[in-house]
Amino acid sequence: MLIRGADVDKQSSYNRWTDTALTIAAKKGHLAIVNRLLEANAKVDQAGEDGERSLIFAAQNGHLDVVAKLIEAGASVNLTDKNGWTALMGAANSGHLSVVEKLIEVGAKVDSENKDKETALMFAAREGHLAIVERLVELGDKVNRLDNDGKTALMHAAKEGYEEIINALVTVNADHHLKDKDGKTAKDHAQTLGTPEYLQKCINDHQYSVLNELPAYQELFKEIPVCPISHMPITHLMCANIDGHIHRYEKGAIIQWLSSNNTCPMTRKPLSTGDYLSRFSENAEEQERIADLWNQVDIKYTEYKQGQLAQAQVSMFAEGAAAADSESGPATRASKRGNDGAAGAGSTAKKVCL
């Protein structure tokens with residue numbers, strides 16, 4: 001067909017689709033056909049009625065070899081479809097890390113937004129692609145951006161219950177206080193069994209890791225008991241009476257311990273799981289006290305981060321002023337002084353004349 005002069009860029013008229021031979025081959029991952037069409041001068045960036053492009057199709061379907069070939073042929077990595085989706089968004093949404101890496105290598109913008117103000121990071125967080133989330137964050141994508149519904153990447157991950165992604169985002173200062181258009185925070189979106197508790201634990205552990213290194217904040221943590229298993233301040237308290245002594249544990253830590261050990265974590269004595277579990281109790285009064293202490297930590301942490309932001313803004317302003325002064329150069333400053341002097345002389349002469 002190509003030899004007989006077929007139009008390689010002709011668009012399909014089937015139903016509403018306006019694919020070309022190249023977009024179809026790219027979508028299906030048929031590298032040999034893509035190569036032949038490009039040799040016949042198929043337009044690599046031609047878009048259909050909905051803005052579908054060969055590179056976007058290849059990226060979202062994970063066809064790395066086709067992606068590489070299209071880029072080699074001059075495909076523009078940051079072009080979008082009619083909804084604002086880029087190839088990077090498609091690859092991130094589908095979980096194709098190797099394609100994400102290739103697109104980034106050739107200049108894909110990690111912070112692009114589609115028409116709903118959604119980003120590649122949001123898609124990766126919503127679909128549970130941890131490695132892509134980590135890579136995009138590493139490249140500086142802002143974790144607290146809001147889509148048109150006011151949702152953040154953390155809200156998406158919390159709603160789906162992706163614990164590793166929740167932890168990754170909280171660790172890089174994802175703001176759990178932000179609210180979407182319905183007034184819901186990430187905690188409100190965390191409805192999967194165990195996710196609200198896990199999110200709170202991640203928040204508390206991160207705040208502790210930041211503030212406990214600073215002398216001014218170390219007093220905050222002295223009244224919060226430390227789990228002897230995790231060696232971290234307790235968020236969700238579980239108590240056990242062992243040989244007349246009350247021992248306090250992080251709930252998740254002691255449950256995990258018992259799942260793989262048949263000894264007491266404190267005495268290392270053999271202990272049946274049933275026997276040990278019967279000694280557990282929840283102290284509601286002490287749990288409330290611990291929660292109140294963590295609320296105080298949360299307030300102090302917010303104040304600390306706001307102070308850091310203010311300092312950064314002052315530093316940026318000072319650096320900008322210094323750079324502007326430096327760019328003006330000695331000649332410009334001398335000229336300014338000369339002009340000031342001339343103005344002064346004119347003023348004096350005028351006064352004399354009067």
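The values are calculated or read from the model by the stated rules, or taken from the named source; none is laboratory data. If you're wondering where the values come from, they're calculated on a predicted model, not measured in any experiment. Glycine gets a Cβ as well: all are built from the backbone with ideal geometry, and neighbour counts include every protein chain shown.
Would you list the helices (runs of 4 or more DSSP H) that sit entirely within the range 169-286 and hold 1 or more residues that are at pLDDT 90 or above and not small (Gly, Ala, Ser)? Working first, answer last.
Details: elements: 186-189, 195-211, 251-260, 273-277.
Correct list: 186-189, 195-211, 251-260.
Regarding Leu88, is this residue in contact with a Leu (Cβ under 6 Å, 6 or more places away or on another chain) and either over 23 Å from Arg145 (Cβ atoms) or assigned to a loop (DSSP other than H, G, I, E, B) (or both)? Give the steps one after another, and end with the answer.
Numbers: in contact with a Leu (Cβ under 6 Å, 6 or more places away or on another chain): yes; either over 23 Å from Arg145 (Cβ atoms) or assigned to a loop (DSSP other than H, G, I, E, B) (or both): no.
So Leu88 does not fit the description; no.
Residues in the range 219-233: is at least one small (Gly, Ala, Ser), buried (at least 16 other Cβ atoms within 10 Å of the Cβ) and within 18 Å of Val170 (Cβ to Cβ)?
Going through the range 219-233, the residues small (Gly, Ala, Ser) turn out to be 230.
Pick out the ones that are also buried (at least 16 other Cβ atoms within 10 Å of the Cβ) and you get 230.
Now narrow it down to the ones that are within 18 Å of Val170 (Cβ to Cβ): 230.
Yes, some residue in the range 219-233 is small (Gly, Ala, Ser), buried (at least 16 other Cβ atoms within 10 Å of the Cβ) and within 18 Å of Val170 (Cβ to Cβ).
Looking at the range 104-117, is at least one residue free of Cβ contacts under 8 Å to residues at least 60 places away in the same chain, farther than 28 Å from Asp180 by Cβ and charged (D, E, K, R)?
Pass one, the range 104-117, residues free of Cβ contacts under 8 Å to residues at least 60 places away in the same chain: 104-117.
In the following step, the residues that additionally are farther than 28 Å from Asp180 by Cβ were identified as 104-107.
When the remaining residues are screened for being charged (D, E, K, R), the result is 105.
Yes: one or more hits.
Somewhere in the range 123-139, is a residue of a type in the set (A, V, I, L, M, F, W, C), part of a loop (DSSP other than H, G, I, E, B) and within 12 Å of the chain's Cα centre (by Cα)? So that I can check it myself, show each step before the final result.
Residues of the range 123-139 that are of a type in the set (A, V, I, L, M, F, W, C), as a first pass: 123-125, 130-133, 136-137, 139.
Pick out the ones that are also part of a loop (DSSP other than H, G, I, E, B) and you get 139.
If we keep only those that are within 12 Å of the chain's Cα centre (by Cα) too, we end up with 139.
So far as the range 123-139 goes, yes, one or more of its residues are of a type in the set (A, V, I, L, M, F, W, C), part of a loop (DSSP other than H, G, I, E, B) and within 12 Å of the chain's Cα centre (by Cα).
Just give me the residues in the range 151-180 being surrounded by fewer than 21 Cβ atoms within 10 Å (Cβ to Cβ), closer than 22 Å to Asn93 by Cβ and among the basic types (Lys, Arg), in sequence order.
Lys159
Output the residues belonging to the range 118-149 that are surrounded by 24 or more Cβ atoms within 10 Å (Cβ to Cβ) and charged (D, E, K, R).
Glu118
List pairs: first in the range 56-69 and of a type in the set (D, E, K, R), second not in a loop (DSSP other than H, G, I, E, B), Cβ under 8 Å, 6+ apart or cross-chain?
Listed pairs, sorted by first residue: Asp65/Leu31; Lys69/Leu31; Lys69/Val34; Lys69/Asn35; Lys69/Leu38.
Quickly run through the range 219-264 and pick out the residues that are in contact with a helix residue (DSSP H, G or I) (Cβ under 8 Å, 6 or more places away or on another chain) and polar (S, T, N, Q).
Ser230, Thr235, Asn262
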